[in-house]
1. Looking only at segment 28-44, which residues are of a type in the set (S, T, N, Q), more than 11 Å from residue 55 (Cβ to Cβ) and modelled with pLDDT of 90 or more?
2. Return the pairs, sorted by first residue and then second, in which the second residue is open to solvent by less than 40 Å² (accessible area, probe 1.4 Å) and among the small types (Gly, Ala, Ser), the first residue lies in segment 22-34 and is closer than 17 Å to residue 46 by Cα, the beta carbons are less than 8 Å apart, and the residues are 6+ apart or on different chains.
3. Do we find that residue 77 is part of a loop (DSSP other than H, G, I, E, B), open to solvent by less than 90 Å² (accessible area, probe 1.4 Å) and not basic (Lys, Arg) in this structure?
4. Over 17 Å from the mean Cα position of the chain (by Cα) and not small (Gly, Ala, Ser): does that describe residue 36?
5. With the requirement that a residue be more than 13 Å from residue 63 (Cβ to Cβ) and surrounded by fewer than 10 Cβ atoms within 10 Å (Cβ to Cβ), what does segment 9-24 give you?
6. Among the residues of segment 62-74, which ones are surrounded by fewer than 10 Cβ atoms within 10 Å (Cβ to Cβ) and modelled with pLDDT of 90 or more?
7. With open to solvent by 40 Å² or more (accessible area, probe 1.4 Å) and among the aliphatic types (A, V, I, L, M) as the only criterion, which of 35, 59 stands out?
8. Does residue 44 satisfy being out of contact with any strand residue (DSSP E or B) (no Cβ under 7 Å at 6 or more places or on another chain) and either surrounded by 11 or more Cβ atoms within 10 Å (Cβ to Cβ) or among the aliphatic types (A, V, I, L, M) (or both)?
Amino acid sequence: MPELLVVQTREYRLHRMEVFDRGKAGFTVLIHPPANRGQTREMVREHPGETLGEMLNRAKAEIDAVMGPKRPPPARGYRS
């Protein structure tokens, strides 16, 4: 049976994350920053039991560190 590869793209704070899932063979997460903010970076597993969800959360934390604090959401109310 041929190897199955699932590729998923996610957008997060101007960055694009690509997830390559090879099932039991493992997974890879690539972070593509905007054109003026550096080069593509591959996330490396911190420990053998790290899950895909944990790696995605770690990738988001790295992006947050680079981009700085998020803006507060706009106030919802009536204008006078």
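1. Step one: of segment 28-44, the residues of a type in the set (S, T, N, Q) are 28, 36, 39-40.
From what's left, more than 11 Å from residue 55 (Cβ to Cβ): 36, 39-40.
Selection gives 39, 40.
2. 29/59; 31/59
3. Yes.
4. For residue 36, the condition - over 17 Å from the mean Cα position of the chain (by Cα) and not small (Gly, Ala, Ser) - is met.
5. Answer for segment 9-24, where residues must be more than 13 Å from residue 63 (Cβ to Cβ) and surrounded by fewer than 10 Cβ atoms within 10 Å (Cβ to Cβ): just 24.
6. 65
7. Among 35, 59, only 35 is open to solvent by 40 Å² or more (accessible area, probe 1.4 Å) and among the aliphatic types (A, V, I, L, M).
8. Yes: the conditions hold for residue 44.
The values are calculated or read from the model by the stated rules, or taken from the named source; none is laboratory data. Quick caveat: nothing in here was measured; it's all calculated off a predicted structure. Using ideal geometry, Cβ is built from the backbone for each residue, glycine included, and neighbour counts are taken over all protein chains shown. The protein model used for the area step is the full one, side chains on, heavy atoms only, and it has no ligands, DNA or RNA in it. Shrake-Rupley method; radii C 1.70, N 1.55, O 1.52, S 1.80 Å.
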